[in-house]
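Values in this text are rule-based calculations from the coordinates and carry no lab data. Everything numeric in this text was worked out from a predicted model, so none of it was measured. Cβ atoms come from the backbone with ideal geometry, glycine included; neighbour counts cover every protein chain shown.
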Amino acid sequence: MGLLSDPSRRKVLTGLLTRLNTPICIVCYLAGIVWFMGLAFEPFTLRTYMSENAMGSTMVEERFSSGERALSLAKEFDAHKRKAGGMPVEWLVKAMQSRGLEVFTQSFSRKLPFPDENKERYMVRGTNVYGILRAPRAPRTEALVITAPCSPGNTNNQAVALLLALAQYFRNQIYWAKDIIFLVNEHDLIGTQAWLEGYHHTNITEYISGSLRGRAGSIQAALSLELSSDVITSLDLVLEGLNGQLPNLDLANLFYAFCQKLGVLCTIQGKLQRNDWDTAEGYTHAAQTMMLMVLKQACGRSWGDHGLFLRYHIEAASVRGINSFRHYKTDATTIGRLLEGMVRKLNNLLERLHQSYFFYLLPSLSRFVSIGYYMPAFGLLAVILLLRALDLWVHLGAPALAAVDGVTEAEQPSSPGVLTVLTPVVISHLTGVALYLLPVHLQEMAVEHFPVSETEAVVLTAIAIYTAGLALPHNTQRLLSGEGTEQGWKVLKLTALLYLAVLLGCTALINFSLGFILAVTLVPITASITPALYALVMVLLSPAFTILYCVFIYQELIEAPVSVSEGWMLFLSVISQGILDHALYGSLVYPLLALFIYPCWLMFWNILFWN
Amino acid sequence: MAAHRCGLSLVFILIFSSLACHSSCDSLENANEDTEEKQSVSDTPREVNSDGSIAAEDLNERRGRSTDAELDRRDGTRTSEALTPAAAARDEFQEELVIRPLHSGDIYASFQFRTLWDTDFLQEGQKVSHYRLFPKSLGQVLSKFSVRELHISFTQGFWRTMQWGQPFIPSPPGAELWVWFHDTVSDVDGNWKELTNVLSGIFCASLNFIDLTNTVQPSASFKPLGLGNATDHRFLRYATLPREIVCTENLTPWKKLLPCGSKAGLAVLLKSEKLFHSSFHSQAVHIRPVCQDEQCTSKAWELRQTLNVVFDLYTAGQGKKEWSLFKMFSRTLTEACPLATSSKVYVDITDNPEGELFELSPATPLLSQAVVLGDRRTYSVFDLTRAETFGQLRSLNLLLRWKGDGGEMLRPLLHAERYVAGFGLQTGEIHTVIYNNHPYRAFPVLLMDSVPWYLQLYIHTLTVTSKSRDNKPSYIHYQPAKDRHRPHLLEMLIQLPPHSMTEVTVQFERALLKWTEYTPDPNHGFYVGSSVVSALVPSMVAMNTNFTQDQPLFSSFVPVKEESSYFVRVYTEPLLVNLPTPDFSMPYNVICLTCTVVAVGYGSFYNLLTRTFQVDEPSLPLAKRLANLIRRIRGVPLLT
């Protein structure tokens, strides 16, 4: 700071920064990428460790033994599910009651804004069944939740059955200090959302749901269980929740600790851990795992039932059984024991999980990258925007400083600038608002006039508005002032750069992955933009194409590569899912992209057609 | 209250006159005996109906013998009384255990121990130094702090009204203390402060955490239960500690207050390893002045010690619907407390007239009927003062074997629950839901809420809705909180429409505490005590307004003023609310970082923004400066 308060040194410094601006920016960008990729390298990461005392030192003994009974129960449940053609509510109520739980049901309905073609649903009507195990001598102030979605078809029967078996076993134990809620929800996330909104008496997403009768105080933690076969080979832990929120790292540590204890293979992002970090394969494996996490987190959707709990400050994770036909098998009893151990340790908690990290990336289950390590990668990218802005500021200010009689001269060129900057800003944002509002509201009109389904109508309208937005500023500019000045686009660029820096900074604070991915694609093009740049490059690095690339990279990483046409179809479904997630669960990625990132990008696009 | 008083005395007069007409007995106690007999006579046809095997003459014979035995006992006490001063002449101790098999398969055991201390408590300045049955520690407390009435309860667990029905004496989770002081006390707050500290020592509880920030003075919800027409709530103090944990260290001092300790009588069953292996445990001490006789010519202190416990079907009963005294308490009964004038075990068999729901052994011919909580209940009575109760084995081990299958939820007439709505750490909403399940009667309830100051209530957001319509309370008493000094107190009289759900909501903002005000476990959350719903619920049967001693203890705690309704108090769950909490795990780092950021970042930016810069003269080279120094000394013009 002493440097800056000395005018001569300040001059030297700014001179240096403007002279070496481009090389510094390039170095920063490369350093940012390298830093990020380095995060997956094992020597640079930390081992996970249990921070919570209440869960660390107190060992529990697992005695659950009715795994076989759970499997036969699964068959019974399956039969009743088939007979009822959906959730067998009455059977579940009876089953829970006979196990000594207080049972309640909640019915809900929700009309989707447009049909969801992936899951084939539009008018959703369902019932959640939940039973509360009242802890002895506890005043109903704290609770834990175990949930198993009742999915259509043949899936997840085992999870529901294991839930019931656990309920029966837990009911006979005296050591519970927190009430335990066993929730079987219908229509996966929609059911969970309806239940959570009912429990907390909120209404964020226009569900029509019956009020809940039975409650058990503030929920401390939740586990979601998904099992679809009698024998599984590994358990996968899913952490990514709504808007990229993650549960406390101790929950992941707890899962890992019990997998180690019981000898269960555990994966994250479906990838097993490898021990050969010093080989190229080992590193690529870790990098792929981390990249998958970044991509999943960035898309801001809930990757399991647990994701919706995070909004209510309830630490939650999904445990997903995977049967990948390896020869290593784990039976239902072991999974039951694993859950028993986890629930008992959560039951021992004296406070909410808060000791460990909330912001982290996992290159494997036993290694983590904390916020302090990954933020510099983003910082290096974001500083480019600031450096370019500084450069522009100096360039814009230089002639004004040169003028001897100061203030009036400096004001002169910028006064037309206000309008030249304001017009594109307003127009871009109006386009953003249109992109946000019109696809859902215009679907009926679109269906009338074009031979497409509602879902296609929404997605295609969105793409159409997006494309139309590219033409719009170009025309208005010519209409308004005819010829743009050099000064004009520089002021606009300066504004847009600072705007983008603030946007990305805020995004990265909440959802690092989203901020980083946007920064990787947006920063180079926005930093180097001049009216002379090729429009094609600009388009290829636009937010929509970023999504497209992410789709391809994701498919590549989960080892299911797709062709271009399949990728395109996936891209369309990702857009529709994004809009649906926003409407159904309140995910903020779609509004962020439509209302802020896209308009910001349009401002840069405007510069391209300045003359 | 005055009306109540009038009503009570009127009732007494009526009873007395009827008794006088009926028999010419020499003492009032005998009169009681008579009424008891009368009741059992009226019960006789019912007994025969329910259990044909019992011969009427056998019954009569037993009854005759029991009266003899009691007369003997009374004679014995009289002879001993002759030696003691007249003031302690009529001290009395009764013990009672009620066992109620619950619908859910659980079992509810309620102990009541009643000690009467015949002393003139209303005389100011009188020092009482003679204690016979009454515990001295409490007696001294009463006289030192001029306590008129004292109610203290320690509860671990929450009473599940939907499964268990109403308890005999309700209590909120944690500790509850409410005290009426004599109206001669000038410094009520000072007395209260000292009293809580003393009680804290007596009961080994954290009652010393009761201070002005969690004490309120309810204006209507807590009326004196004993004699006296005190209605000025300035002399009332009420506080709860919802976080208080009850364990053996609270049970032991409680047991020590009993005349027989835990050596004999029903108290031998009170073994902590079983009592705390239960779903619900509540122990209480109630002290109040009562009338010694129907005319209220002499008054006495009544000390009621109650202990309620619910054993769980699954965890304590191993899933088998079979209960016995031994299974519940790991003890059996062998004798009554020798100091007790009555010692009885009641088993509720109302739901089991034909023995189809459960089987009770050993069978007892003695039946008793009592009107409890608006319902006429039938009880099998085991009188421990008689030798034949214990049978050949000289021990009584009651056995209850279930045959039926229960389990559905009950629909109690009045039921309340509470929860916090919303998410995030800034605001929230407290919802209190009160159910009136009476099919056609509306009745008013008094709702009392005491909310700590760190939840800042927005009282303008208070809404009361029944059947989705606004329900305007007819009486609202609201005392806003003062930060760090006093909690919110909200009392409302709400009319509950028949068969309805009434929802009371009020929004609040969570305060940011000072960093020293957080508890050692701030992320656990902060407790808000239960709200209290007090109501006169319409009764299904005529209530017994005869407030005399011939009823079992469990049915005579709360005075009944009218026949058509009975008094019920329902406590809701306490709330656990998270407040915005700083990260205490690394305070040093936080402090250092914050200070650095403020010092370096803010300071220098402020400096940069406020300072005006001027280009100063470039400083001279060292050689020139030296030369100038010499020139100055010489007085020659300086170089530039």
Given B:255/B:320; A:75/B:403; A:261/A:329; B:256/B:320; A:94/B:320, the pairs whose alpha carbons are separated by over 23 Å = B:255/B:320; A:75/B:403; B:256/B:320
Is the range B:367-450 rounded, prolate or oblate when judged by the Cα gyration tensor, a ≥ b ≥ c being the square roots of its eigenvalues, rounded requiring a/c under 1.5 and prolate requiring a/b larger than b/c?
-> prolate
For the range A:522-606, just say rounded, prolate or oblate: build the C-alpha gyration tensor, square-root its eigenvalues into a ≥ b ≥ c, call rounded for a/c under 1.5, and beyond that prolate if a/b exceeds b/c, oblate if not.
-> oblate
From the residues A:92, B:559, B:455, which one has its Cα farthest along the dipole of the protein assembly as shown in the positive direction, the dipole being from +1 and -1 charges on Cβ of Lys/Arg and Asp/Glu about the Cα centre?
-> B:455
Against the longest alpha carbon principal axis of chain A, how many degrees, from 0 to 90 and to the nearest 10, is the axis of helix A:564-585 turned?
-> 70
Any cysteine of chain A lacking a neighbouring Cys Cβ under 4.7 Å - listed by number = A:25, A:28, A:150, A:299, A:506, A:550, A:600
For peptide A:348-355, compute the average count of partner chain beta-carbon atoms within 10 Å of each residue's beta-carbon.
-> 4
Applying the Karplus parametrisation 6.51 cos²θ - 1.76 cosθ + 1.60 with θ = phi - 60° to the phi angles of the range B:421-430, what ³J(HN,Hα) value in whole Hz is obtained for each residue in order, glycine and proline being reported as x?
-> 9, x, 9, x, 10, 9, 10, x, 9, 8
Listed peptides B:574-581, B:598-605 by packing density, highest first (mean Cβ within 10 Å) = B:574-581, B:598-605
Sequence order, the range B:156-164: Karplus ³J(HN,Hα) from phi using 6.51 cos²θ - 1.76 cosθ + 1.60, θ = phi - 60°, Hz rounded, Gly and Pro as x, gives 10, x, 10, 6, 8, 4, 5, 10, 10
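Translational diffusion coefficient, Stokes-Einstein: compute it for the range B:496-640 using the Kirkwood radius over C-alpha pairs as Rh, at 4 °C and 1.567 mPa s, and state it as an integer in µm² s⁻¹.
52
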For residue A:121, distant residues with modelled amide H under 5 Å away | A:116
Binning at 5 Å from 0, report for the range B:402-497 what percent of all alpha-carbon pair distances ends up in each bin.
-> 2, 10, 18, 20, 17, 12, 8, 5, 3, 2, 1, 0
Counting only residues 5 or more places away or on other chains, whose amide H sits under 5 Å from the amide H of residue A:316 once H atoms are built in the peptide plane?
-> A:222, A:248
Positive end of the charge dipole of chain A (Lys, Arg +1 and Asp, Glu -1 on Cβ, about the Cα centre): tell me which of A:368, A:53, A:174 has its Cα farthest that way.
-> A:174
Applying the gyration tensor rule to the Cα atoms of chain A (axes a ≥ b ≥ c; rounded if a/c under 1.5, else prolate if a/b exceeds b/c, else oblate), the class is prolate
Estimated translational D of the range A:309-358 in µm²/s (Stokes, Kirkwood radius over Cα pairs; 25 °C; 0.890 mPa s) = 182
Taking H placed 1.01 Å from N in the peptide plane, check which residues at least 5 places from residue A:511 or on another chain put their amide H under 5 Å from its amide H.
-> none
Once the dipole of the protein assembly as shown is set up with Lys and Arg at +1 and Asp and Glu at -1 on Cβ about the Cα centre, which of A:15, A:105, A:148 lies farthest towards its positive end?
-> A:15
Alpha-carbon Rg with Dmax, taken over the protein assembly as shown, Å = 38.5, 143
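Would you list B:204, A:28, B:595, A:299 from fewest to most Cβ contacts within 10 Å?
B:595, B:204, A:28, A:299
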Listed peptides B:108-120, A:9-21, A:580-592, A:447-459 by packing density, highest first (mean Cβ within 10 Å) = B:108-120, A:580-592, A:447-459, A:9-21
For the peptides B:258-268, B:499-509, what is the packing order when you average, over each peptide's residues, the other Cβ atoms within 10 Å and list the highest mean first?
-> B:258-268, B:499-509
C-alpha center-to-center spacing [the range B:459-483, the range B:485-506] in angstrom | 6
Note, the range A:18-33: 3J(HN,Hα) by Karplus (6.51, -1.76, 1.60, θ = phi - 60°), whole Hz, Gly/Pro = x, goes 6, 5, 9, 4, 4, x, 4, 4, 5, 4, 4, 4, 5, 4, x, 5
What's the exposure ranking of A:267, B:306, going from fewest to most Cβ atoms within 10 Å?
-> A:267, B:306
For a footprinting-style exposure proxy, rank A:72, B:530 by other Cβ within 10 Å, fewest first.
-> A:72, B:530
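Just to check, using Stokes-Einstein with a Kirkwood Rh over alpha carbon pairs, what's the diffusion coefficient of the range B:259-332 at 20 °C and 1.002 mPa s in µm²/s?
147
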Excluding residues on the same chain fewer than 8 positions from residue A:11, give the lysines whose Cα lies under 26 Å from its Cα.
-> A:490, A:493
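What is the mean number of Cβ atoms from other protein chains located within 10 Å of the Cβ atom of each residue in peptide A:207-217, rounded to a whole number?
3
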Over all pairs of distinct alpha carbons, what does the Kirkwood formula give as the hydrodynamic radius of the range B:181-308, in Å?
-> 16.9
Exercise: per-residue mean of other protein chain Cβ atoms within 10 Å, A:136-148 | 6
